[in-house]
1. Express the relative contact order of chain B as a whole percentage, based on alpha carbon pairs under 8 Å and six or more residues apart in sequence.
2. State, to one decimal in nm, how far the label point of A:Thr250 lies from the label point of B:Ile163, with both points 7 Å from Cα in the Cβ direction.
3. As a check on your grasp of the helix formula, calculate [θ] at 222 nm for chain A: sum -39500 (n - 2.57) over DSSP H runs of n ≥ 4, divide by the residue count, round to the nearest 500.
4. Measure off 7 Å from each Cα along the Cα-to-Cβ vector at A:Thr203 and B:Ile150, then give the distance between these two points in nanometres to one decimal.
5. By DSSP, what percent of the beta bridges with both residues in the protein assembly as shown are antiparallel, rounded to the nearest 5?
6. Suppose R0 equals 25 Å; then what is the FRET efficiency for A:Tyr259 and A:Val303 from their Cβ-Cβ distance, rounded to the nearest 0.05?
7. Convert 10 °C to kelvin, take the viscosity as 1.306 mPa s, use the Kirkwood radius over C-alpha pairs of chain A as Rh, and evaluate the Stokes-Einstein diffusion coefficient in µm²/s, rounded to a whole number.
8. Comparing A:Ala123, A:Ala155, A:Ala335, which has the greatest mean-square fluctuation in the GNM of chain A with Cα pairs linked when under 10 Å apart?
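Laboratory data are not the source of any read-out in this text; all were calculated from the coordinates shown. Just so you know, these numbers come straight off a predicted model, no measurement behind them. So basically every Cβ, Gly included, is an ideal-geometry build from the backbone, and we count neighbours across all protein chains shown.
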Amino acid sequence: MNYRRKISFILLALMSCSLLLTGCWDQVEVNDLAVVTMTGLDLTDENQLELSVNIARTSSQQPQENSDSSSGQLTGKSVILSTTGNTLAEAVSKLQQQLSRQLFWGHNEIIIFGEKLAKEGIAEHLEFLLRHPETRERANMFISIGSAKEVLSLAPQIEHYVADDLLEMAKLQTGLNITLKELMQMMISKSQAAVIPCLIIETKQDHQQSYPFIHGSAILKKGKLAGLVDSSTTRGIMWARNELDRGTVTISPENSEGYISFQLLSSSTEVIPYIHGDLWRITLRIHTLDDIIENTTDLDLSVSKHIEELEMELEDDIKRRINKALTVAQEQMNADIFQFADAFYRKYPNIWKQNKDRWSDIFTKLDVVVEADAKISRPGGTGKSILKPNQE
Amino acid sequence: MIEKGRISASQLGKILYMAIIPTSLLTTPAITFKYAKQDLWLSPIWAISGFITVFIVLRIYRMYPSENIIQIMERIGRRIPGKIISGIYLLFILYVNGVIVREYSEFVVSSFLHTTPIVVISGLMVLVCAMAVRGGLEIVGRFAELFLPIFITLFLFNIIPIIADLQWSNLFPIFGEGIRPSIEGAFVLQTWFSEMIIASFFLPFVADHHNAKKTLSRSLLAIMVTLSVSNLATLLLLGELTGNYSYPFLILARYINISNFINHLESLYMIIWVLGAFVKICVFYYVTVLVAAQWMKLSNYQPIVYPLGLLLLLFSQWVAPNTQVLTEAIAGPVTLAMITMFVIIPALLLCIVWIVNRLHN
């Protein structure tokens with residue numbers, strides 16, 4: 001009996017502990033929070049910072065379709081609000097004044113900078129995001145062509161929120177996938193150049209059907225936008241930065257008409273720096289494994305001789321793409337977005353130290369050798385094309 | 001004897017590990033990175049003061065197996081000077097514990113409970129620790145034994161999911177600027193390694209004393225490895241950013257993302273932190289209480305546990321006006337003071353004891 005009483009007393013004490021777990025000063029109720037899912041930063045015409053946030057509607061009341069409120073607009077399950085200020089912190093505090101709930105940044109997975117703001121520099125605005133204890137180091141960073149606010153105001157395509165759409169797109173890694181942590185690392189690296197994926201809006205007649213997607217990338221130098229590059233150059237950048245995970249490569253073989261498409265299974269890039277006297281050289285060694293997914297040429301792909309030729313062609317294609325990216329980076333932008341500077345520092349710390357002031361000169365004249373090694377593992381479900389019986 | 005409880009040598013090893021690791025895990029990557037840069041993971045290997053302290057503790061233990069270093073100081077220093085020295089030590093240990101309590105609460109307030117008054121957080125922790133310390137040595141030992149597996153499991157849980165995100169290139173160049181930066185970075189770490197001196201206060205109560213040497217060196221080694229691994233993981237994830245964060249190891253937990261649904265794991269680190277800080281504060285609290293009771297020649301230390309807890313709480317508020325001062329103090333004056341009090345003076349004591357014994361013979 002006594003033992004039982006003891007046990008029930010202990011259980012009671014433990015249960016009463018749970019009442020205290022909510023905290024007193026820092027107690028947070030979900031229905032008191034305005035969960036920010038996406039942030040957009042723009043520069044207004046008066047040179048003020050414009051902060052736009054996409055807040056998830058967590059209350060049970062569903063919004064009326066297509067209704068506009070005075071402070072913001074409703075799109076599906078979220079509310080868009082925006083304010084201006086001199087600094088991000090100021091804009092945030094102004095935003096808080098307009099809200100009945102406390103802003104919560106813990107689920108802010110997407111941060112978008114407008115093109116105009118990016119030209120002025122994004123470094124100082126990152127400061128707030130890094131210092132704030134709630135923001136995520138894993139938040140995905142984008143630069144939008146046009147204003148960031150516009151991207152936020154779009155309706156989601158498939159997922160519940162636009163933020164989820166973008167997040168999943170970034171994860172698929174058909175374009176770059178850069179997090180806040182990675183952006184900061186690039187910005188404080190020895191080369192001080194960074195690359196961020198760009199967002200463009202697929203405009204449809206009905207605004208409700210327009211949606212944003214990742215297309216190309218932006219190059220930042222010392223935190224300022226230096227230029228934009230298109231999708232195929234971005235692919236070259238991704239090859240060189242070892243960030244390519246999947247994708248489709250289509251080539252047209254030299255001695256036959258038509259196209260062959262490959263699906264990338266895996267790819268890795270080694271960066272090998274080499275210094276000899278005045279010669280600074282980077283060797284990019286790329287190993288990739290592909291499957292064939294389409295063949296409209298006259299080649300019979302069940303013949304291993306053709307596969308060897310195709311591997312060579314694929315290697316040439318990779319080299320071409322990377323060289324295109326290198327030309328843009330070295331000659332047009334003079335921005336070391338491949339972090340070659342750090343590669344040199346890692347291998348030759350002393351020589352690097354003596355030459356670090358000359359790096360931008362060295363980089364433009366840097367000798368980059370691309371060595372590609374492509375392997376085609378299997379021809380897919382069909383050997384000979386069913387539709388082309390005359391393949392040889 | 002004032003303490004009737006006994007612990008095993010393996011419990012002592014666990015006490016030492018849990019008394020040193022928690023706070024160093026939190027702050028060392030940032031402080032070490034300042035000097036050692038990408039060699040910060042090598043710094044814990046220069047645990048010189050750890051080896052010296054363990055050597056001193058074991059030597060003194062062999063000569064006086066039933067006394068701790070402060071009792072020996074009183075014995076050597078005779079009545080008045082001995083009392084003064086041990087009084088200074090009493091205050092210093094109380095001060096060090098105050099710093100620990102403050103570190104614990106600063107982290108909780110700045111990263112999780114922003115609006116909670118710091119006194120409440122420190123106060124609750126001191127209260128819980130006071131209850132444990134009143135239970136005596138065996139309770140403290142059992143807590144260390146109970147929490148160590150949880151601590152290590154969670155520590156690994158913090159590191160293993162992040163492995164996919166680590167960039168091994170951050171490691172290079174190793175010894176890019178020679179061996180010096182890593183040694184400079186190790187300077188601050190000596191604060192934690194010199195804390196091995198607390199072994200001296202527990203050794204007289206160890207039942208299987210022939211295992212003492214083994215257990216001390218094992219826990220020192222475990223501490224070195226743990227610090228090295230945590231510094232390495234932080235470096236490989238954050239690279240040059242390591243120095244910019246106040247609590248880099250926390251970022252590891254925040255960065256974990258397993259297939260998009262196991263993420264936002266900072267509460268995991270919070271568990272590590274509260275468990276670790278609890279044992280650490282308990283151990284130092286117990287040492288303070290023990291030294292105070294011996295200093296005042298009390299027959300029982302239990303009555304002074306709560307009053308000293310109040311003092312401890314006050315000390316935790318007094319040590320620094322804000323976080324910056326606290327961090328600067330830990331990186332500079334506190335390190336020097338701890339090396340002096342926990343390494344240099346005990347080394348002198350060992351020499352004196354040795355000479356006195358020679359003269360007697």
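1. 40 percent
2. Label-label distance for A:Thr250 and B:Ile163, simple model: 4.1 nm.
3. So the calculated ellipticity at 222 nm is -9500 deg cm²/dmol.
4. 6.0 nm
5. Of all bridge pairs located within the protein assembly as shown, approximately 65 percent are antiparallel.
6. 0.85
7. Once the numbers are plugged in, D ends up at 66 µm²/s.
8. A:Ala123
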